[in-house]
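Below is one structure; the comments refer to it alone.
What follows is calculated from the coordinates using simple rules that are stated; it is not laboratory data. Model, not experiment: these values are computed from the prediction. Virtual Cβ from ideal backbone geometry, glycine too; neighbours counted across all protein chains shown.
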Amino acid sequence: MSGQVEKIATVTPKVVHLVGTPGEIIQSIVTIVPAEKYDFSIKDGSFDAGKNIDIELKQTKDKKKSWELVVTNTKKVVGRYYEVITLKTDSVFQPEMKIRVFGNIAVKGTLSSTAP
């Protein structure tokens, strides 16, 4: 079997990297734009472990339907972490969207932007 895979949305960036030092405000904004053919709405957000991040989801005021997901680090101590944000949609094709989040909180001068 073979076929063409169509994506129902453009998610930018696909993976969130939160890199910084303790006490610093560390954020990333994820843009989600549904494909015209697969129009959907996001119902609510939840995350599986959620102890190191906070999220805020807001629909943009652009002509085209889209959302901005602001992901903020809440970890106060040095260390790495991995979280998964699950967004529930009203799409029959993809009722959930998962966004991976990698965090690296380190002492200044020892930071690396690579994922854990």
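Observations on the structure shown:
- Computed over neighbours whose Cβ is under 14 Å from that of residue 78, the net charge equals +3, Lys and Arg +1, Asp and Glu -1.
- Here each label is just a point 7 Å from Cα along the line to Cβ, and for residue 88 and residue 56 those points are 2.3 nm apart.
- Neighbour net charge for residue 54 - beta-carbon separation under 13 angstrom, K R +1, D E -1: +1
- Taking the stretch 9-105 and dividing mean pair separation by its residue count, relative contact order in percent (alpha carbons under 8 Å, at least six apart): 36
- The order of 89, 10, going from fewest to most other C-beta atoms within 10 Å of their C-beta, is 10, 89.
- Sorted fewest first by neighbouring Cβ atoms within 10 angstrom, 91, 2 come out as 2, 91.
- Straight Cα distances below 22 angstrom link residue 76 to the lysines 51, 108, with same-chain residues fewer than 8 positions distant left out.
- Judged by the mean number of other Cβ atoms found within 10 Å, the most tightly packed of the peptides 68-74, 55-61, 18-24 leads the ranking 68-74, 18-24, 55-61.
- This ranking places 88, 75 by how few other beta-carbon atoms lie within 10 Å of each, fewest first, which gives 88, 75.
- For the chain, the ratio of Cα radius of gyration to the globular rule of thumb 2.2 N^0.38 Å stands at 1.18.
- The residues packed around residue 106, meaning those with a beta-carbon under 15 Å from its beta-carbon, carry a net charge of +3 if Lys and Arg are +1 and Asp and Glu are -1.
- Proximal lysines to residue 37, defined as alpha-carbon separation beneath 21 angstrom and excluding residues fewer than eight positions away on the same chain: 7, 14, 61, 63, 64, 65, 88, 98
- Selected from 66, 40, 89, residue furthest toward positive end of dipole (the chain; charges at beta carbon): 66
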